[in-house]
Amino acid sequence: MVQYNFKKMTVVPNGKDFIDIILSRTQRQTPTVVHKGYAISRLRSFYMRKVKYTQQNFHEKLSTIIDEFPRLDDIHPFYGDLLHVLYNKDHYKLALGQINTARNLIGKISKDYVKLLKYGDSLYRCKCLKVAALGRMCTVIKRIGPSLAYLEQIRQHMARLPSIDPNTRTVLICGYPNVGKSSFINKITRADVDVQPYAFTTKSLFVGHTDYKYLRYQVIDTPGILDRPFEDRNIIEMCSITALAHLRAAVLFFLDISGSCGYSIAQQAALFHSIKSLFMNKPLIIVCNKTDLQPLEGISEEDKKLVTEMKAEAMKTVIGQGGEATNDEGVLLTMSTLTEEGVIAVKNAACERLLNQRVELKMKSKKINDCLNRFHVAMPKPRDNKERPPCIPQDLENDNGGAGVYSASLKKNYILANDEWKEDVMPEILDGHNVYDFVDPDILHRLAELEREEGYRQADAGDDNFEMEELELTPEEQKTLAEIRKKKSLLIQQHRIKKSTAESRPTVPRKFDKDREFTTKRMGRQLSKLGLDPTKAINRARSRSVSTRGRKRERSLDRDDTDDGDAMDVDTPNKKQRMLSRSRSRSRSRPPTEVVPGEGFKDSAQKAKALQKANKSNKMRNKNARRGEADRVIPL
């Protein structure tokens, strides 16, 4: 399980984008309309809410940045030193410190201006305080713009770092550049590291995974290291040094005995002795690569002596692990990544030595006592000295195909009526049907029960078969029975018609009423049967049926005229007379230009002109009053 995952860190925006994000969120999430006529307490709370909301957004965004970036003192030393090598931890801490200082400053600014807004005495004063507060917050963010840009570059680079678990089983490959380290990791894992015939092709750490004895191992390919002082090594080499210093891993030191890498065996031996302090308490294997170009036996005596000295240093790690000094197996190995000779042997030796070391360390720890108390290994003891090897009768085995083919028959224990049926082949599918679906041992008993139940049902049905004979009825009873049946059939038909016509639908217009069921004559007959006078109802229905489209509205008669039968309707000739003929109970509205005594106007024309000028002067003030925070005016 990977302990650190830097790929989920949130993107760090630059200063300008940071300000745009926060201010646009404030504009969208807070009210934007305020009027001068509001109470002063409402105006203060309106602008205090904007200042507080902006400060909260800045605080949340900056806190996310500070919390998601790893703290170098809290993470594994491997990642702490790796980040220091890549980014310089002093600059890294300084940038995060500036972000934290900006967060505190914005909180202080918000607190101060909220206090001032509590004593704002007008809309203009409150608005100015709000603008000043947001402006100072944005100025603080602009000042930390370089730190934000620096942290964004670090985030992008950290997202590209390999996911290395410092606590799992690890195989570490190191050595001079161009000695075959990347080729080896490509052979034993599914990693795809670039391989080129020149030095420093690998410029960073690469990780692959392999399996050994059902366990997962991570294999790390490190950049090449040169034999020079510690202070002169570059960032690429320091990545390898950091991995060697902090990871508990099996170390494979690659040695190019052919010299095709551009460095002699003496130079590679000098590098080994300069960094051998990093190999302490780690399984160390010296791998002589490129044996297809130069076998190990074909090198010079001086080079053999250097290789022997390196082997002696590697043996000390075996002694440190509790091994014997004479056991030099798995310390010096040869292989060729080109022909793949010895590649799997090197991988197995490294994984085996690492696994033995980890088991030995766990056995020496205090936790092993708690684990051993939970286990109990039962060892069976022989009851006598007689040997009982597994045995199959030879005749059955030979009769049924011999060893590897014979299988014990389970049919011999079947309980059947005839023993000859035991070896019969029963078909599973017959005529397209599953045979087992039709197999029932109690089929005859069930059939007898069904036949008996059917007989009972037929007997019960014969007793209930009673019908009324119409010959026993009198003529009057037969007539009544016929009327009842007729009435019943009519009711059934009417119910079916109602169900089919859906009475909930809209009423059909009269011109589509083909059967003439809904007429005034029919309504008059029904009302007359009930003893009511249908005249008024018929007249009312007819008055509603007359279309009023295209007909002008007639003037209604006065109450006095309706009482006189000789009165006549006379149309008024003009608008003035129609106004005078209306009922006096209705009040008339006064036109706005009508002059009222005491207003100081000479006539209605002068009043209309004054009203026009007043509306024109109020137009701009009304427009500014409706302007909110979202309305931005660009002066020309």
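The values are calculated or read from the model by the stated rules, or taken from the named source; none is laboratory data. Worth saying up front: this structure is predicted, and the values here are computed from it rather than measured. Note that we place each Cβ from the backbone using ideal geometry, even for glycine, and neighbour counts take in every protein chain shown. The area values use the complete protein model at the heavy-atom level, side chains included, leaving out ligands, DNA and RNA. Shrake-Rupley method; radii C 1.70, N 1.55, O 1.52, S 1.80 Å.
So here's what we get for this one:
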item	result
Any pair with Cβ under 8 angstrom, 6 or more apart, that starts in the range 433-450 at a residue that is part of a helix (DSSP H, G or I) and ends at one that is open to solvent by less than 100 Å² (accessible area, probe 1.4 Å) and of a type in the set (D, E, K, R)	R446/D440
Residue, surrounded by the most Cβ atoms within 10 Å (Cβ to Cβ), within the range 6-21, restricted to residues that are of a type outside the set (K, R) and not in a loop (DSSP other than H, G, I, E, B)	F18
Per-region count, the range 209-234, residues within 17 Å of V346 (Cβ to Cβ) and without any contact (Cβ under 8 Å) to a residue 40 or more places away in the chain	2
The range 94-134, residues that are within 18 Å of H35 (Cα to Cα) and among the hydrophobic types (A, V, I, L, M, F, W, C)	L117, L123, C126, C128, L129, V131
Any hit, the range 67-75, residues being surrounded by 15 or more Cβ atoms within 10 Å (Cβ to Cβ), out of contact with any Cys (no Cβ under 9 Å at 6 or more places or on another chain) and in a helix (DSSP H, G or I)	no
Filter result (charged (D, E, K, R), in contact with a helix residue (DSSP H, G or I) (Cβ under 8 Å, 6 or more places away or on another chain) and surrounded by fewer than 20 Cβ atoms within 10 Å (Cβ to Cβ)) within the range 206-247	K213, D227, R233
Answer from L72, L117, L82, L86 - the residue that is outside the structural domain of I235 (by the TED database) and within 23 Å of Q29 (Cβ to Cβ)	L117
Hits in the range 99-140 - residues which are open to solvent by 70 Å² or more (accessible area, probe 1.4 Å) and of a type outside the set (A, V, I, L, M, F, W, C)	T101, N104, K108, K111, K115, K118, Y119, D121, Y124, R125, K127, R136
Residue match in the range 330-345 (condition: in a loop (DSSP other than H, G, I, E, B) and at pLDDT below 80)	yes
Odd one out for S63 among (1) assigned to a helix (DSSP H, G or I); (2) surrounded by 15 or more Cβ atoms within 10 Å (Cβ to Cβ)	(2)
Within the range 168-208, considering residues that are polar (S, T, N, Q) and farther than 15 Å from C351 by Cα, the one farthest from the chain's Cα centre (by Cα)	N178
Only one of D419, D442 that is surrounded by fewer than 10 Cβ atoms within 10 Å (Cβ to Cβ) and charged (D, E, K, R)	D442
Among the residues listed as V114, V193, the single one being in contact (Cβ under 8 Å) with a residue 24 or more places away in the chain and assigned to a loop (DSSP other than H, G, I, E, B)	V193
Residue in the range 163-180 that is over 22 Å from T339 (Cα atoms), part of a loop (DSSP other than H, G, I, E, B), modelled with pLDDT of 85 or more and out of contact with any strand residue (DSSP E or B) (no Cβ under 7 Å at 6 or more places or on another chain) present	yes
Failed criterion for S24 (all others in (1) open to solvent by 70 Å² or more (accessible area, probe 1.4 Å); (2) assigned by the TED database to the domain that holds H91 hold)	(1)
